[in-house]
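The values are calculated or read from the model by the stated rules, or taken from the named source; none is laboratory data. What you see is a predicted model; the values in this text were computed from it and never measured. Virtual Cβ from ideal backbone geometry, glycine too; neighbours counted across all protein chains shown. Each accessible area value is taken on the protein alone, full model and side chains, heavy atoms only, with ligands, DNA and RNA left out. Shrake-Rupley method; radii C 1.70, N 1.55, O 1.52, S 1.80 Å.
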2 protein chains.
Amino acid sequence: MGVLTPPGAAHGPKQDRSRATRQRLLEAAVACLAEVGWAGSTVSVVAERAGVSRGAAQHHFPTREDLFTAAVEYVAEERSQALRELPPQSRPEVVAALVDLYTGPLFRAALQLWVAASNEEQLRPRVTELEARVGRETHRIAVRLLEADESVPGVRETVQGLLDTARGLGLANVLTDDAARRRRVVAQWAALAEHGLG
Amino acid sequence: MGVLTPPGAAHGPKQDRSRATRQRLLEAAVACLAEVGWAGSTVSVVAERAGVSRGAAQHHFPTREDLFTAAVEYVAEERSQALRELPPQSRPEVVAALVDLYTGPLFRAALQLWVAASNEEQLRPRVTELEARVGRETHRIAVRLLEADESVPGVRETVQGLLDTARGLGLANVLTDDAARRRRVVAQWAALAEHGLG
């Protein structure tokens, strides 16, 4: 699509197909990262999993780094959207919903990318920037859902600490199913957080 | 050393040399894992870094899995020992010391092993078992340092949640230096934990 293409053309059947292909690639990339890790996740492996030719995959994502950072960003945005659409809930319910963000395939995929980035110079700046952006957005959503007033001293750090705890609980769930212990910890810390949220 | 060697012989100069070699290999393995990750960490790379022949390294650790799980366990045991020897401190100081456990090279190395284990069947059962053991020991030390009475409802979950938060803070520190934000979160959460520790 050239720069002179009228905007309306972006909604034709060809563009719809292109968008669907892109989406299939992004979803396959996240699943691949979560299951086999960064070392085994190549553009070819993802293309095959998505049922897309390698050429088509490279048309959408010229490099491996492009594909996987876009994939984690895409799924993070989907999850943020789901969070934003939650109906009003009690604070313990909100805390449980936030923790759930960190225990599924998105967290597993992001963790693989994160850890790979710590050793790969090509990946590091992109993932650092992505994580900062996703982190700020998650914090904003958490503040709104918890009805937290960050002008009160300690409230901001309480919300940040809740998200740090959620991340730590996510890590504890990577090798074993930690759901039973996690429920008890979340119940207790949701109660303690009340003291910090006012 | 044969099974008939008298116990006293285990302290001869040859055994001292062997023990020193083993220790150099373990320290090199942790540094290697933290810096280049699991994919780049082989027995040969570690042997070279430690200044030990590949044959000698394989005498001590027949497989890659043996070397790296032993290395993470060795450093974890060193850190536990340092924690156990801490003089009596205020609870906020103890919380800060616990969080420090999760922000150095040991955590980086353990994280690499942990994430690799989630995709590698050969590694998974060993790392799962190792993490459970290290986790229980860290919990026991935390209970003692915090003078926490786990017979009181909620106290156990408060201590567990503190360690989950520490793990999440460690993860947040992998790509960027998060020390300034972390100090504020730790101060706030140490204060909230007081409500749960009684």
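Structure notes:
- When B:S118, B:S151 are checked against the criterion of being of a type in the set (S, T, N, Q) and modelled with pLDDT of 95 or more, a single residue qualifies: B:S151.
- Just one of the listed residues (B:E73, B:E77) is among the acidic types (D, E), without any contact (Cβ under 8 Å) to a residue 24 or more places away in the chain, out of contact with any strand residue (DSSP E or B) (no Cβ under 8 Å at 6 or more places or on another chain) and open to solvent by 20 Å² or more (accessible area, probe 1.4 Å), namely B:E77.
- Within the span defined as region B:97-107, one or more residues are farther than 21 Å from B:A193 by Cβ, away from chain A (no Cβ under 11 Å) and open to solvent by less than 40 Å² (accessible area, probe 1.4 Å).
- With respect to being touching a Leu at 6+ places or on another chain (Cβ under 7 Å), closer than 20 Å to A:A190 by Cα and without any contact (Cβ under 8 Å) to a residue 60 or more places away in the chain, B:A148 fits the description.
- Which numbered condition A:P87 misses (of (1) touching a helix residue (DSSP H, G or I) at 6+ places or on another chain (Cβ under 9 Å); (2) open to solvent by 50 Å² or more (accessible area, probe 1.4 Å)): (1)
- Taken over region B:10-42, residues that are open to solvent by 70 Å² or more (accessible area, probe 1.4 Å), within 14 Å of chain A (Cβ to nearest Cβ) and either under 16 Å from the mean Cα position of the chain (by Cα) or hydroxyl-bearing (S, T, Y) (or both) amount to 1.
- Inclusion of B:S53 among residues that are of a type in the set (S, T, N, Q) and within 13 Å of chain A (Cβ to nearest Cβ) is not warranted.
- Helices (runs of 4 or more DSSP H) enclosed by region A:37-131 - at least 1 residues per element that are closer than 30 Å to A:R181 by Cα: A:64-84, A:91-100, A:105-119
- Yes/no for A:A180 being more than 11 Å from chain B (Cβ to nearest Cβ), at pLDDT 95 or above and in a helix (DSSP H, G or I): yes
- Here A:G37 clears all of (1) at pLDDT 95 or above; (2) at positive phi except the condition numbered (1).
So that you can scan it fast, the table gives a plain yes or no per residue for (1) open to solvent by 30 Å² or more (accessible area, probe 1.4 Å); (2) under 19 Å from A:A110 (Cα atoms); (3) more than 9 Å from chain B (Cβ to nearest Cβ):
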position	(1), (2), (3)
A:L145	no, no, yes
A:V152	yes, no, yes
A:R156	yes, no, no
A:G170	no, yes, no
A:A187	yes, no, no
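- Of the residues in region A:113-120, not one is of a type in the set (G, A, S) and more than 12 Å from every other protein chain (Cβ to nearest Cβ).
- With respect to the stated conditions, B:V52 fails to be aliphatic (A, V, I, L, M), modelled with pLDDT under 95 and over 16 Å from the mean Cα position of the chain (by Cα).
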